[in-house]
Structures are given as structure tokens and as C-alpha cells.
Amino acid sequence: MSMALAPVATTPSNALALRGPLGSLDAYIDTVSRIPVLAKDEEVRLARRYRDEGDLEAARQLVLSHLRFVVHIARGYSGYGLPVGDLVQEGNVGLMKAVKRFDPAVGVRLVSFAVHWIRAEIHEYVLKNWRLVKIATTKAQRKLFFNLRKAKKNLAWLSAEETRQVAAELGVTPAEVTQMEQRLAARDVAFDPAPDADDEEGVYTPAAYLPAPDADPAVAVERAEWEGDSATRLKHALATLDERSRAIVERRWLAEDGKATLHELAAEYAVSAERIRQIEASALKKLKAAMA
């Protein structure tokens, strides 16, 4: 189901127009709080229109009239340090899911049915964004996460007795309570220290504990042995060449003060550049065979 919550006009009898700057949360809250709450019979009528006829205008009016409840629920999660506007947005997604699944024949009000869906979307958002690393991955851990936050009346660590009491109330083991409490107390650490971070902060960043690419002693020894072996085999292979071929290869490929050109070597040996190229190619072929 796709329903826009952008500022659009509704019928005067059902909702006010959502006006005001989209970036202002206060203006949004003020606007949705002025949208009239639907009477029960009107709510049932609109729900039946959407269920039976697929009337998206009816669904939109149901959503608009319940936005104030989403704001009320979202404000209850402001203690997690996340933007209230984002919490409201996620709650609105849950409200739309509830409208899609609402059955007026059951006899309950939409707000009672929608609370579960609104909270579910907000819970999911909180768990994904409250910490960089997920701290609750199972259903039991999620329940413990939210209930433990409520159970802790202060910032102090729970005593052994308090831990057992919380565990009994939530139906989990004391060890699970202690583990979740440790996760709640942990803080995110930047992977790379900030430019203005002091030495103590830099020491505890994960990047400080990553090994350098060449730090493995086994790799370093293997590389050194390979280079030494290659140098030895190259020296023996060069010894198998005649003096002129060896000199051409060394000056063309092994000289540290610059590579000699074909024409320079041709002038020195009084032959054509093509002849130097042929000697070079033949010498390299012999070297390759000797080092294989």
C-alpha cells in the first residue's frame, strides 16, 4: 500500500490540511494535533471503504487522523538519543501497515490495533541505530533490551539481588541480564581516531590493533627466501650466457643508472639495432629456461 503523508488537503469534515515547513518537527506536531479524531462510526465506515473497495482516500484519512498517536508513542523513545522526527517517521510506517491490516468487523478501535505495529517499527529502528553493532539479535534479546532499559532506575550497575529480580520479572537468566547490561553500558568507538583525539583515545580505536599487511613473520621470511633464491638462480643463469649477451641483458634490464637503448649498444658493438634486439631476445629466452 502506498499512501503519501505529504501536505495535501483533506475534506473539512475529516482532517485539516497538513501545512507548514516539512523540516520543522514542531510545526508537524502542531499540525497533526489539530487533525480531528474520528468518531467510531466514521472510522468503521472508512475502514470498510478501504477493505471492500480499495479506497485509498479512505485509508489516507484513517492514517491522518491517527498521526497524533504516533507522535505520542514516538516521544516515549526519546531517551535512546535518536531524533524524534525519525522515530515519528518509523512509527508512521507502522501506522500505515496497521491500516492495511485493520478489520473493522473485529470491533476494536484502530488506535488499539495500531499500537503494536507502531511500536514494532520504532523498536526495529532503535535496535538498528542505537549502536553501530547490533546488541540484540533475537526476539528474547530485544524484549530484554527494552525492558531492562525501563527496569534500570538510575545509571548505577545492578546489584546481584537486583539482577536476580529483573531476571525473574522478565523470565530470563541472571547471566543474560548481566550480559545485556554490559552491552547497554558500552559505547561506540570510532574506527579511526579523530585528528584532534588525544593519545589515550587513539590507543583504544580498533585501527590501532589491526596488523600491518607485512607484519606476519612467516610471510616476511617466505618473501626473503624467495627473493634470495631468485637472485641466486638469476646469477647462475647469467653465467651460462656469452660475455656479449650477458652485458647486453645487464645493461638493458639490470643497470641501476638507467636502461641502455638498442641504438647505444648497436653503436658500441658496431652492429645494427635489430641485431642487438635479436641477441637480447635470445638471451632472455635462455635465462627463462635456466630459471624454470
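Data table
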{"item": "Complete set of residues in region 170-187 that are at pLDDT 70 or above and hydrophobic (A, V, I, L, M, F, W, C)", "result": "170, 172, 175, 177, 180"}
{"item": "Residue list for region 26-81, filter: part of a helix (DSSP H, G or I), farther than 13 Å from residue 92 by Cβ and of a type in the set (Ser, Thr, Tyr)", "result": "31, 33, 50, 78, 80"}
{"item": "Contacts under 8 angstrom Cβ, first residue in region 57-79 being in the same structural domain as residue 28 (by TED's automatic domain parsing), partner aromatic (Phe, Trp, Tyr), 6 or more apart", "result": "58/50; 59/50; 62/50; 62/102"}
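The values are calculated or read from the model by the stated rules, or taken from the named source; none is laboratory data. Everything quoted here is computed from the prediction, not taken from an experiment. Note that we place each Cβ from the backbone using ideal geometry, even for glycine, and neighbour counts take in every protein chain shown.
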